[in-house]
Amino acid sequence: MIFRLLLLLTVSVAAQGAETERALAASIIDRYGANKLLEMNAFSFRERSRHLETGQSYYPGQQGAKLNQLQLDVDFAAQKKSLYTQGIRNQKPHFQHRIYRPNGSLSINHSSKRYRENNSKQFSDIDGSASRHIDLYWAKLISLHPNSVVGAYAGEYFGRPVSIATLDLKAYPKATIYVAQDGRILSLQVDESSSTHHFSNHQSVHGVLFARDFHISKSNTISSVASQRDLILGPLADAVFELPAGYKAANLSHQTQSNTLQMKALAKGVYHVGRDFDFSLFVDAGDHYYGVGGYKGIKERLEYLNQQLGLNKPLKYMVATHHHSDHLGAMAEAAKMGASFISSAQAQATVKAAVKQDLDDSRFLTVGTKLSLLDGRIQIVNFPNGHSAHHLLFVLPKDNILFSEDLYFATDAHGAPKGGPQLESLSSLFAQQQWDIKQFAAAHSDRVLSASDFQYSLDNMEDEPRCPPTWDFCQL
Ligand SMILES: [Zn+2]
């Protein structure tokens, strides 16, 4: 009897819950424009924002302020998306263009007029996290899938009463939404992300609602603030989702086509090991290795190397070329493997933090302008450039080898990249040190470039990347 009563209670609470959730979904749909929302099939969204970054700034220990601009065009009916982004970091602009279409997705490089097929991405994730910036985007998805609002309960958002619910859209990771009593979405937090997206200053645009103001917080600190947001309702021209005429397929190198580990011996006891975008160089120093190239996965790369050589030598020294968090991804692994660390004095605090354990100071070596190891076989030089204020090069002068991170590499299968201003300084450094570099290995490519590639890069400097003339949104 008690059991039956409990069961009845549970069923009625669940039914009540479902009713609350339906009412919540209905209030969102209603507030975002009701029929206007249902009829809206496409929009073009533009945003300009400042992203306050830790970990990728120019100076170790300082925060960077990156300017981001984006245009996201969405056609819900045709299931198509186009995303243009422009990021300016350290005064240097970077552009990206991605298109999702059910019949094939693309990443397009407008300066080289090349494209890559990008079929690992879906409608839901081709825009990275750009759609998380648009409350209207989620309201539209809720109007298409009202049953996606689940687990609603009453809570607070900055002292105001709100409904909190889970958004369970099958193609997306689960997210938590905070909804005002009048149906405005005030914040969205995707469960797998540490960022919370905050929407405010909601206004009506041709009958649908849209938050004019937006910021992102991470661990209770604001990480990004939008300074301008615009919305234009569709329909969108077909051309928005098409490749411009005359564009050719990119000529990709092995690393972007294969995801298996590989190893190349560049000289006796010198090995370039990795896959994809993550490579390290290991130098055999007798009973141990020196390693450089700090992307996560160094343990796997070292094990692969030992296995290929039939050896079992440990990593004794790990060189951190610069302080950027992605290139320090392997430091904690290296620490567990017992390695000591070599970095610039300025980057040492960041390296110590990345190691994630208390190590004796004797495990941290610093490079002033230059450090010579193994009787001069290894030379580590501080080479400040536009990417980082303290940037180490790993040079094996007698083997005529250079290993660098974020400096000189090619992702195409053939040909040399065009050069940047830092290559002139690099060439002068080689002359001054009397180094005759014949192999240019790098962290981000399986390709090892030659002296004639380097000469080509010096003779063919890239144009400063500019906002393509047809992109209205990034004309400054
Ligand atoms: Zn970097």
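Read-outs throughout are calculated quantities, based only on the coordinates presented, and are distinct from any laboratory measurement. Computed from a predicted model, the values in this text were never measured in an experiment. Quick reminder, even Gly has a Cβ in these numbers, built from the backbone with ideal geometry, and neighbours come from all protein chains shown.
Couple of notes before you dig in:
- Dimensions in Å of the chain - Rg and Dmax from alpha carbons: 26.3, 92
- Other residues lying with their Cβ under 11 Å from the Cβ of Lys336 contribute a combined charge of +1, Lys and Arg counting +1, Asp and Glu -1.
- Cα-based radius of gyration of the stretch 254-459 once divided by 2.2 N^0.38 Å, which approximates compact folds: 0.95
- Computed from point charges on the beta carbon alone (+1 for Lys and Arg, -1 for Asp and Glu), the dipole magnitude for the chain about its Cα centre is near 220 Debye.
- Here the stretch 12-249 is treated with +1 on each Lys and Arg Cβ and -1 on each Asp and Glu Cβ, and its dipole about the Cα centre works out to around 880 debye.
- Linear extension gain, Ser428 paired with Asn201, 0.36 nm per residue minus alpha-carbon span: 76.3 nm
- Applying 1/(1 + (r/R0)^6) with R0 = 30 Å to the Cβ-Cβ distance of Ala413 and Ala171 gives a FRET efficiency near 0.35.
- Taking a Cβ cut-off of under 11 Å around Cys474, the surrounding Lys, Arg, Asp and Glu residues balance to a net charge of +2, with basic ones at +1 and acidic ones at -1.
- Ratio of Rg to Rh over the stretch 12-249 (Cα coordinates, Kirkwood Rh, two decimals): 0.98
- Theoretical gain in end-to-end length, Arg50 to Ser193 [0.36 nm per residue, Cα-Cα removed]: 49.6 nm
- In the chain, the longest principal axis of the Cα atoms and the axis of helix 135-144 are about 60 degrees apart.
- Only DSSP H runs of four or more residues enter the estimate; each adds -39500 (n - 2.57), and after division by the residues of the chain the mean residue ellipticity at 222 nm equals -6000 deg cm²/dmol.
- When each of Ile164, Ile126 is scored by the number of other beta-carbon atoms lying within 10 Å, the sequence from fewest to most is Ile164, Ile126.
- Geometric descriptor of the stretch 265-313, per residue, is 70 Å³ (volume of the convex hull of the Cα atoms).
- In this rough spin-label picture, where each label sits 7 Å from Cα along the Cβ direction, the Trp471-Ala65 distance is 2.2 nm.
- Note on Ser452 and Lys336: the model spin-label points, each 7 Å out from Cα along the C-beta direction, lie 4.5 nm apart.
- Measure of compaction for the stretch 429-476 (Cα Rg per 2.2 N^0.38 Å): 1.74
- Projecting the Cα atoms of Gln96, Ser457, Val150 onto the dipole axis of the chain, where Lys and Arg carry +1 and Asp and Glu carry -1 at the beta carbon, places Val150 farthest toward the positive end.
- Spin-label pair Lys248-Glu156: with each label point 7 Å from Cα along the Cα-Cβ axis, the two points sit 6.3 nm from one another.
- Backbone phi angles across the stretch 150-166, fed through the Karplus curve with coefficients 6.51, -1.76 and 1.60 (θ = phi - 60°), yield HN-Hα couplings of 9, x, 6, 8, 7, x, 10, 9, 6, x, 9, x, 9, 9, 10, 8, 8 Hz in residue order; Gly and Pro are listed as x.
- 11 Å beta-carbon shell around Val355, net charge (K/R +1, D/E -1): +2
- Cut-off under 5 Å, modelled amide H: who pairs with Asp168 long-range: Val149, Val150
- Of Ser112, Ser427, Ser194, the sequence from fewest to most neighbouring Cβ atoms within 10 angstrom is Ser194, Ser112, Ser427.
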